[in-house]
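Computed from the coordinates by the stated procedures, all read-outs in this text should not be read as laboratory data. Just so you know, these numbers come straight off a predicted model, no measurement behind them. Reconstructed Cβ throughout: ideal geometry from the backbone, glycine too, with neighbour counts over all protein chains shown.
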Amino acid sequence: MPTVPSSRLAPSPTGALHLGNARTFLINWLIGRQSGWNLPLRIDDLDGPRVKAGADQQALADLTWLGLDWDGQPIYQSHRLSLYQAAVNNLLNRGLAYPCVCSRKEVESAASAPHAEDQSVRYPGTCDGRFISIHDAVAKTGRQPALRFRVPPGPVSFNDNFFGPQTFDLSTTSGDFVIAKADATPAYQLAVVVDDAEMGVTHILRGDDLLDSTPRQLLLYRALGLDSSIPHYIHVPLVVGLDGRRLAKRHGDTRLSSYRESGVPPERIVAMLARWCGINPGHDEITARELIGKFDLANLPHHQITFDPAASHLS
Ligand code: GLU
């Protein structure tokens, strides 16, 4: 483990930052700043088709407007492809990953017991042991394969610093998962592990929608020989709309940039976010910096936060 603890801010430039993202970033920033950790910023821009031009700069401007800062220059995942490629090759060469030519449709129809409401289906291992190399897969099928990590049998357990002990059995739920897409783009699960280990990240704070990504990431840390870099995980509940669904466009415009354009002071947003984080800001407006030292994970609500536009006094 590196001597200086470190977290990271990791926006995905797939859309504008909204109040829900802002709250998670504020928690991450407050923990980092009041604990004296390193706090680099990484732009997670590998999801090609979903990345929006200019959304990275917009995210940086939104965070700055809110009063959040970070250490060093932003790190772009898209500039680090050779690191991911080396990790993928490592797993492939050691027989821990294999080429897979199944389309999403084929995986869904081959899954023996799809869970009715759950969109995730277990990959049944159709291509496991089918090809000796990527080249072999292309030659035999004419398709460019994705690469899957072979999930070892048995449960994966970890202790989440907010939610407590967690156990997942990927071998019975999701099965072998993709680490590089057919177009050779590294998958989120792989890239985030390679980056966090390389960046010396010791504490990951993120929304609880990524809780079930953690066992995949732990398996990758171990398979890549990065056990000593395994971070602490702190997942936090998300902000939802009045319908109980994760905050999104359907709940109205909650983008930070819209509040900024309509003249809402960032301090008013920060005061609302502070209340959502279990902090009494004492005023209707407060700066992020004034909250340093006031955040305590023990006071963070365990339930989801419901955003009610009428009660928010933001417009
Ligand atoms: N960039 C990811 C997101 O915005 C976060 C990744 C992570 O924290 O592991 O959802």
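Based on the Kirkwood radius over alpha-carbon pairs, what is the Stokes-Einstein translational diffusion coefficient of the chain at 10 °C with 1.306 mPa s viscosity, in µm²/s?
On the way: Rh = 21.0 Å.
So the translational diffusion coefficient is about 76 µm²/s.
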**Report entry** Ordering of 42-52, 240-250 by burial proxy (mean other Cβ atoms within 10 Å per residue, highest first)
**Finding:** 42-52, 240-250
Requested in this report: Evaluate the distance, in nm, between pseudo-label points positioned 7 Å from the Cα of residue 35 and of residue 287 along their respective Cα→Cβ axes.
Outcome: 2.5
Query raised in the report: Longest span of the chain, sites excluded, free of GluC sites (Glu not before Pro) in DSSP loop with at most 16 other C-beta atoms within 10 Å?
Result: 118-284
Report summary line: In degrees rounded to 10, the 0-90 angle between helix 55-66 Cα long axis and the longest Cα principal axis of the chain is 30
Report summary line: Quick numbers on region 175-293, Rg and Dmax over C-alpha atoms in Å, give 18.6, 52
Report summary line: Calculated from DSSP helices alone, with each H run of at least 4 adding -39500 (n - 2.57) and the total divided by the residues of the chain, [θ]222 nm to the nearest 500 comes to -9000 deg cm²/dmol
Query raised in the report: If you put +1 on each Lys and Arg Cβ and -1 on each Asp and Glu Cβ, how big is the dipole of region 163-315 around its Cα centre, in Debye rounded to 20?
Result: 260
Report task. Mind running the shape call on region 148-216? Use the C-alpha gyration tensor, a ≥ b ≥ c as the square roots of the eigenvalues: rounded below 1.5 for a/c, prolate if a/b tops b/c, oblate otherwise. Result -> oblate
**Report entry** Equivalent-ellipsoid semi-axes of region 120-239, from the Cα gyration tensor, Å, largest first
**Finding:** 28, 16, 13
Report summary line: Among 256, 244, 230, the residue whose Cα sits farthest towards the positive end of the charge dipole of region 215-282 (+1 at Cβ of Lys and Arg, -1 at Cβ of Asp and Glu, taken about the Cα centre) is 244
Report task. Evaluate Rg over Rh across region 4-60, taking Cα atoms for both radii and Kirkwood's formula for Rh. Result -> 1.02
Query - Inter-site label distance for residue 140 and residue 228 at 7 Å from Cα along Cβ, in nm - result: 3.9
Report summary line: Computed curve, region 225-306, Cα-only Debye sum without solvent term, log₁₀ I(q)/I(0) at 0.14, 0.20, 0.23 Å⁻¹, is -0.62, -1.04, -1.19
Query - R0 of 25 Å, Cβ-Cβ distance residue 260-residue 303: FRET efficiency to nearest 0.05 - result: 0.30
Report summary line: Pseudo-spin-label distance residue 3 to residue 53, built 7 Å along Cα→Cβ, given in nm, is 4.6
